[in-house]
1. Applying the selection to segment 393-424, what residues are away from the ligand (no atom under 16 Å from the Cβ) and open to solvent by less than 20 Å² (accessible area, probe 1.4 Å)?
2. Just to verify a result, which residue in segment 184-207, among those that are at pLDDT 95 or above, assigned to a loop (DSSP other than H, G, I, E, B) and hydrophobic (A, V, I, L, M, F, W, C), is least open to solvent (accessible area, probe 1.4 Å)?
3. Can you spot a residue in segment 324-342 that is under 22 Å from VAL615 (Cα atoms), more than 10 Å from the ligand (Cβ to nearest atom), in contact with a strand residue (DSSP E or B) (Cβ under 6 Å, 6 or more places away or on another chain) and open to solvent by 10 Å² or more (accessible area, probe 1.4 Å)?
4. Pick out the one residue from GLY370, GLY381 that is assigned to a loop (DSSP other than H, G, I, E, B) and open to solvent by less than 30 Å² (accessible area, probe 1.4 Å).
5. Here is a check on your reading of the model: is GLY95 in the same structural domain as GLY9 (by TED's automatic domain parsing), open to solvent by 10 Å² or more (accessible area, probe 1.4 Å), more than 23 Å from PRO235 (Cβ to Cβ) and over 29 Å from the mean Cα position of the chain (by Cα)?
6. Six or more apart or on different chains, Cβ under 7 Å: which pairs go from a residue in segment 115-129 that's closer than 24 Å to TRP76 by Cα to one that's among the aromatic types (Phe, Trp, Tyr) and assigned to a helix (DSSP H, G or I)? Could you list them?
7. With LEU582, LEU588 as the choices, which residue is of a type in the set (A, V, I, L, M, F, W, C), assigned by TED's automatic domain parsing to the domain that holds MET465, closer than 23 Å to ILE496 by Cα and buried (at least 23 other Cβ atoms within 10 Å of the Cβ)?
8. Tell me, yes or no, whether segment 531-538 has at least one residue that is assigned by TED's automatic domain parsing to the domain that holds VAL586, surrounded by fewer than 20 Cβ atoms within 10 Å (Cβ to Cβ), modelled with pLDDT of 95 or more and assigned to a helix (DSSP H, G or I).
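The values are calculated or read from the model by the stated rules, or taken from the named source; none is laboratory data. These figures come from a predicted structure and were not determined experimentally. Neighbour counts run over all protein chains shown; Cβ positions are idealised from the backbone, glycine included. In case anyone asks, the SASA skips ligands and DNA or RNA and just uses the protein heavy atoms, side chains included. Shrake-Rupley method; radii C 1.70, N 1.55, O 1.52, S 1.80 Å.
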Amino acid sequence: MCGIVGYVGPNSSLDVLLAGLSRLEYRGYDSAGVAVLDRAGHLGTRKRAGKLVALLDDLEVEPLRDGETGIGHTRWATHGRPNDGNAHPHLGDNGKLALIHNGIIENFSELKQELLDAGETFTSETDTEVAAIMVGREFRATGDLAEAMRRVVARLEGAFTLLVMHEDVPGVVVGARRNSPLVIGLGDGENFLGSDVAAFVEFTRRALEIGQDQIVTIRPDSVVVTDFDGNDVEPREFEVEWDASAAEKGGWSSFMAKEISEEPEAVANTLLGRVVEGAIHLPELDPIGDDVLASIDRIVVIACGTAAYAGLLGKYAIEKWARIPVEVVLSHEFRYSEPVIGPRTLVVSISQSGETMDTLMAVKYASQAGARVLSICNTQGATIPRESEAVIYTHAGPEVAVASTKAFVAQVTALYVLGLHLARVRERLSAHQIAEQVSELQQIPAKLADVLVSSERIKQLATWMADTRSVLFLGRHVGYPVALEGALKLKELAYIHAEGFAAGELKHGPIALIEPGQIVFVVVPSPRDPLSLHPKVISNIQEIKARGARVIAIAEQGDTAAIALADEVIPIPLAPPLFEPLLAVVPLHIFGMELASAKGLDVDQPRNLAKSVTVE
Ligand code: M6R
């Protein structure tokens, strides 16, 4: 959950580190720190609780001497409160070594006791300081930073990315990773390390993946990767598909506002190259193969949060088109239920970051149990795709705001594309039927652009409701995951109690929550819906209106019943039922953002959260 950046090269380390940290701040923002080896060979560090700006202000008042080797960190606290002392870097070897860490060292208590018994002292409450002191001791014994790191990681349990530098070896940063992200940026006479490519994309778009249990040593003119035993490893090189400007706000008030505006593009880009003359083209599934996909008897989708809601929508589409049973399981619940899976199960993981630890562990469990594993992921070079047999990348571009928006519509699009592919290989839909669905899907980006026109009206509603303490969301069939997503956005952004319900469940309990003035968003199915759910949801609106609720309906343009009953209707363009959620969700993304803004909250970095949850 922390952001990590490392640099060796001729340029100002501080400039590179601070630029990287500003791009990585979405990963954690309760404290930040840097360590730099100045040109006289002295190690200097600075760290501050609070957002990156606190560190920047501090460096403004009292500059740190700059140099050509450095590491930087932005923290999401696990062990120890977010204060100056617990912020990274932590020091070892009498202050000559600096180390930063993402993850959790699970056996830190026993290692700390061992170090205390050996006479070491600690200045923080963190698990990280244990690693800093251990690497320092091993460096004193070996004089080799990579070897010292190798010896220490052999003793650590848990998940970690570690970066370390030492006064005695200028121009060197050593990194190690286990179940936590780290990528290498290749420059010209300079090299970089980062939790993700955002750390260095401003300087280079050439990157190398680092696998599990590997150690990397960067110098200005070389990169050496080994496994934890010291055997050489050849990392895979890739080109970052987006440039630094894609990760800038570009004139928008927040990253979230920018990313909502990019929802049409996220769908269009995820379809790009995957539709050829009305047919689905998914060569990335070749490692699994059509024969296998034709013979699987079950799909289990694993994901967390918003990605899991995308999975719920995928279930409706895949079951309808390909007639395969689909189960959606939260990643953190998956392996503990002893799931019944085997070679005829396709496990589909969904993750924007590709680093969510719960999902990564579920993917590993599924692979070991013999299931076929496919990932849907938005981040190149991430861990989950590496642990999967095949990957469908969503092309939403970098998502910086902690609340997921454009990644959600891209994930749903990828799942629909997968559903249509499965329908073909399993001969459940004809080429003509697939072409019809593809044509509808291709119209979604333009329709999404129409939905964005309602932004101003939604902003007004959100401003009026700034004092609201509770909002409910109702939806039925594919509207249900949309209701869940609307409620999650409001909780995480505006810190308001919000719940999403299946509308049919209302009479089984939740209707007791309705009292005069209660705000309820209702995702209304199309009046043309072949499942005839429209009148049922309209009845739900009548029931809650009768009890004094204020209803905001997200309904198809021209839905006269919704217009007659609801206090407010946000219209969405006509689309077949399965595609409506892609349109209905956007007003809820906007509403969550605007209500949080009306309350004066930081919509990009809500309290207590981090963009990618890399601890279990
Ligand atoms: O990176 P992932 O897609 O694996 O992240 C999954 C969830 O942590 C994420 O969707 C989270 O729920 C967001 N904060 C929702 O806006």
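1. In the first step, residues of segment 393-424 are kept if they are away from the ligand (no atom under 16 Å from the Cβ); the result is 416-424.
TYR416, VAL417, LEU418, GLY419, LEU420, HIS421, LEU422, ALA423 - these are the residues of segment 393-424 that are away from the ligand (no atom under 16 Å from the Cβ) and open to solvent by less than 20 Å² (accessible area, probe 1.4 Å).
2. Among residues in segment 184-207 that are at pLDDT 95 or above, assigned to a loop (DSSP other than H, G, I, E, B) and hydrophobic (A, V, I, L, M, F, W, C), the one least open to solvent (accessible area, probe 1.4 Å) is PHE200.
3. Within segment 324-342, one or more residues are under 22 Å from VAL615 (Cα atoms), more than 10 Å from the ligand (Cβ to nearest atom), in contact with a strand residue (DSSP E or B) (Cβ under 6 Å, 6 or more places away or on another chain) and open to solvent by 10 Å² or more (accessible area, probe 1.4 Å).
4. Working: GLY370 fails: open to solvent by less than 30 Å² (accessible area, probe 1.4 Å).
Checking each option against the conditions leaves just GLY381.
5. Working: in the same structural domain as GLY9 (by TED's automatic domain parsing): yes; open to solvent by 10 Å² or more (accessible area, probe 1.4 Å): yes; more than 23 Å from PRO235 (Cβ to Cβ): yes; over 29 Å from the mean Cα position of the chain (by Cα): yes.
Spelling it out, GLY95 is indeed in the same structural domain as GLY9 (by TED's automatic domain parsing), open to solvent by 10 Å² or more (accessible area, probe 1.4 Å), more than 23 Å from PRO235 (Cβ to Cβ) and over 29 Å from the mean Cα position of the chain (by Cα).
6. Within 7 Å, the pairs are ASP127/PHE108.
7. Of LEU582, LEU588, the one residue that is of a type in the set (A, V, I, L, M, F, W, C), assigned by TED's automatic domain parsing to the domain that holds MET465, closer than 23 Å to ILE496 by Cα and buried (at least 23 other Cβ atoms within 10 Å of the Cβ) is LEU588.
8. Looking for residues that are assigned by TED's automatic domain parsing to the domain that holds VAL586, surrounded by fewer than 20 Cβ atoms within 10 Å (Cβ to Cβ), modelled with pLDDT of 95 or more and assigned to a helix (DSSP H, G or I), one finds at least one in segment 531-538, hence yes.
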